[in-house]
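Values in this text are rule-based calculations from the coordinates and carry no lab data. Everything numeric in this text was worked out from a predicted model, so none of it was measured. Here Cβ is always computed from backbone atoms with ideal geometry, including for glycine, and neighbour counts include all displayed protein chains.
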Amino acid sequence: MNEPNLIFLLVLLPLAGSVVAATLPAGARTGTAWLSGLVLGAGLLILAGLHGPVAEGGVLRTTLPWVPSLGLNLDFRLDGFSWLFVTLVLGIGVLVVLYARYYLAPSDPAPRFHAGILAFTGAMIGMLTSGNVIMLVVFWELTSLISFLLIGYWHRNPAARDGARMALVVTAAGGLCLLGAMLLLGRMVGGYDLDRILASGDTIRAHPLYGTTLALFLIGAFTKSAQVPFHFWLPNAMAAPTPVSAFLHSATMVKAGVFLLVRFSPALGGTEVWFFAVTGTGMATLLIGAVIALFRHDLKGLLAYSTISHLGLITALAGLGSNGAIVAAIFHIANHAVFKASLFMAAGIIDHESGTRDMRRLSGLMRLMPATGSLAIVAAAAMAGVPLLNGFLSKEMFFAEAVEWHNGTWLDNSLPYLATLASVFSVAYSLRFIATVFFGAPPTDLPKTPHEPVRWLRRPVELLVLICLVVGIIPGLTLGPTLNMAARSVLGADMPTYSVAVWHGFNTPLLMSLAALVLGAALYFTFSTRIAQGPEGPPVIHKLQAQRLYERFMLAATWTGPRRLLRLVGPDRLQPQLRLLVLLAIAGATYMLWRSVQIEPWLGPTPLNAGFLLMWVVGATCAVAAAWQAKYHRFAALVLLGGAGLVTCLTFAWFSAPDLAVTQLLVEVVTTVLILLGLRWLPKRLQEIPGDRLRSARVRRSLDLVIAVVFGATVSIIAFVVMTRPQLSTVGDWFLRNAYSEGGGTNVVNVILVDFRAFDTFGEITVLVIVALTVFALLRRFRPATEIAGQPEQQATPTARALRDYMLVPSVIMQWMFPVLIVLAAYLFLRGHDLPGGGFSGGVTLAIAFLLQYLATHVRWVEARLTVLPTRWMGFGLLIAGGTGVGSWVFGYPFLTAHAQYVDLPLIGEVPAATAMLFDLGVFGAVVGATVLMLIAIAHQSLRSPRPRSQDEAARSEHEEAA
């Protein structure tokens, strides 16, 4: 396999592994762990195979066409910087998978965890290797979405739900700002290619929109990397399981923002605005995070704020913009990922074995957990910047850049002092982690008696701590070549001369490091008692918590503001909402028609067929009668409404639109049955409403009548103008000319759906599946107060009696219709590309076959004999439809490109064949599954007998399990 295909496989492999992991049974802990480990290990092998060309300074690229006309392609590129980052993601990912296998409880759903980890890995690699900035933002937002699921893994925990929601809101909002910045960058340079943007720094900085672009870009980067004032979401995300925290908050999610800052520094950096915004924010985050970390009593809370502080350090280096600062930033990204992952895992072991993370309750664990304690002490020392550990080397490089002269501003002059002060607090909170947890009196009153964990739970920590030691002692032989490769890919010809040796003599950075160690130790031992007994943060900073502003904003944005807006434009009842939508549609259509078409006088009488007029008199009568009967008898109204729908079907057929006629007829059948099952849930009718409300209801209905007439007249005028003005050229003319030559089919409607606009259809069936799952989720726990089947005759409503009478139709006839409808569904599906039919029509027909069985017999009788499993229909339908689109990539064509030709079959001859038929098969499956799932959701409520349910009966049915 060539190198470009390997890059694509590097992104696709974790995403495919996630799909497989999600399908495994809940108890497959070992199997899912092996699957995740093998997938991530395979990714590391692919990286090893790509190391040679990347180490030589090459940039590997692969391109898959997506929307070439808009400059949107799936471009992937791999250089030294992204190679280092992807190695961190996959390497620490393997260790997290091993750690999670022994950390998670047997009751935890392991497949869901591993599916999330693999999906996040795929999204992260996609972001790191994207060569198109729009696709970079897509993967960026995908990481926010999947992190929401991972942080909320223990969804029964309110703190996990709140933390996941907060992380999603903050980071996804930042992603929208980043999208705006990327669109502006593409406009500035004339394209969305990453290499083109990185090479256009002078053009970007000289553009009038540079300030706006920079602001949007920095908001996106700062929110993801938890920079002040967006830092508050990261501590709240600590409600996630420790393996998630070790993965997301050491090497992956929070590093995405600093990755972006370093990557785009050649294009956006080098200005005074960049220096003050990025370096200033980084230094503020470095100092504030370090101060708050010292006062946190929760182990993971301390590590969270220390992560914020170190992210601020990297951000400050990116803001300095010098070549040495970029090297130091990349170096500290790798070092921080290693020692912070080990610390999170060590904290998880302590919590796992003692039952608490509260440092006020922990002490003396070195006696009970000597091996774990030794590992945690070394990792914490690396975090503090102790010599002969990896954290010391990159922090010393940070000090060296801080004392360098850059631009002579007040911020530049204060950098050495701010850096030293923040390092003092870094040493203090690292020392508190060590002294409080592992030394002192033996612990008492702990939920569990602490002891060493199983060896495989500790192995990942041992390997990471070993890396801290090896890199800290011999950096030039270990991380040096990779660091040089990564920095060169960012800086290019401006690569500076630097040294990562342990000893550089007695210089200013070394003195700053020694001062930080001494002063940090003095600070902790002086105030250790007050810190342990004090609040979770300094009073001054505690009062300025950005989280309070976020909560107030969310209260206004999601509760107070929407309620006020809802009272104005969106009342609780459905009718006023529909009325508003209809009025807006009328106004918009009228405006566009007036702007684009000159209404000419009536050119003369239009011939009108008497049969057509009579048909529509019947349809209008049914519609008016349905509206009238809705006040008294809803079942009769539903029958009359079906009559109006039937006239609509005949109208389509009259005007030579058989596809629309067939689809309308089938949809009429499905919707009629579903409405029939749900009639009993509707509110009281007009005659049951008190007099004062009755009068207002009549006024409302009269207003609805006026709006309906106006809307119908408007649509009629638009249709008449379009169909009677030959000078109006429509897009339909183009489809009529090219349907057979381009799509290989004579059914123009079907060719449009499965070929020309297949991507729209794919989105529509995806929405249909989401709607079906939503309906099922809303109704699966709902139980009506009374059940039709158990109501006495004198208590049953007219609608209930009518529905029960309808159920008395001889069930044997409906059962006989079942095989007939299956054959009809297959017939409609197979003929769809050339004659009226298709996947949608066939799918609805097969769904009707299932509907008849539910109506003919009892729900439980059907499900005991007929296993439908609608979620599998939907899942396979989406997979087939998506797989058809992906298949076109193999031959170098854009997504969902169809191919048609004639195939010569023995004894039959030439028959037409098109890949669009496979896509149509996916549509067929999705439609069947979605319709039947909604049927199951409604039928279980409307047709269930009201008898006491045993514990087994109260469990979810097979269909609910499948969903």
For the stretch 281-296, in residue order, the Karplus 3J(HN,Hα) values (coefficients 6.51, -1.76, 1.60; θ = phi - 60°; whole Hz; Gly and Pro = x) are 5, x, 5, 4, 5, 4, 6, 5, x, 5, 5, 5, 4, 4, 9, 6
With each pseudo-label sitting 7 Å past Cα toward Cβ, what's the residue 23-residue 478 distance in nm, one decimal?
-> 4.2
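Multiply the residue separation of residue 525 and residue 42 by 0.36 nm, subtract the distance between their alpha-carbon atoms, and state the gained length in nm to one decimal. All intermediate terms of the calculation are to be shown ahead of the outcome.
On the way: separation 483, 0.36 × 483 = 173.88 nm, distance 4.78 nm.
Here the answer is 169.1 nm.
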Efficiency of FRET from Cβ geometry, residue 403 and residue 503, R₀ 25 Å, rounded to 0.05 = 0.85
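What FRET efficiency do you get for residue 717 and residue 815 if R0 is 51 Å and r is their Cβ-Cβ distance, rounded to the nearest 0.05? Walk me through the numbers before you get to the answer.
Working: r = 48 Å, r/R0 = 0.94.
For R0 = 51 Å, the calculated efficiency reads 0.60.
Using packing as a proxy for protection, rank 308-321, 514-527, 177-190 so that the peptide with the highest average count of other Cβ atoms within 10 Å comes first. Don't skip to the end; give the middle numbers.
Numbers: 308-321: 27.6, 514-527: 16.8, 177-190: 19.6.
Ranked by mean Cβ neighbours within 10 Å, highest first: 308-321, 177-190, 514-527.
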Rank these for me by crowding, 357, 367, going from fewest to most other beta carbons within 10 Å.
-> 367, 357
Any idea how far the Cα center of the stretch 238-279 sits from the one of the stretch 129-195, in Å?
-> 13
Karplus-derived 3J(HN,Hα), 6.51/-1.76/1.60, for each residue of the stretch 752-766, Hz, glycine and proline x | 4, 5, 9, 10, 4, 10, 5, 5, 4, 4, 4, x, 5, 5, 5
Ranked highest first by the average count of other Cβ atoms within 10 Å around their residues, in what order do 742-752, 838-848 fall?
-> 838-848, 742-752
Exposure proxy check: 439, 331, 247 ranked by fewest other beta carbons within 10 Å?
-> 439, 331, 247
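Taking every pair of Cα atoms in the stretch 1-131, average 1/r, invert it to obtain the Kirkwood radius, and report Rg/Rh to two decimals.
Ratio of gyration radius to Kirkwood radius: 1.03.
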Order the peptides 881-891, 500-510, 147-157 from the highest to the lowest mean number of other Cβ atoms within 10 Å of their residues.
-> 147-157, 881-891, 500-510
Could you pull out every residue, at least 5 positions away or on a different chain, whose amide H is within less than 5 Å of the one on residue 838? Hs are placed 1.01 Å off N in the peptide plane, and Pro or chain starts have none.
-> 829, 831, 832
Name the long-range amide H neighbours of residue 228: under 5 Å, sequence gap of 5 or more, or other chain; modelled H, no Pro or chain starts.
-> 285
Based on other C-beta atoms within 10 Å, arrange 383, 124 from fewest to most.
-> 383, 124
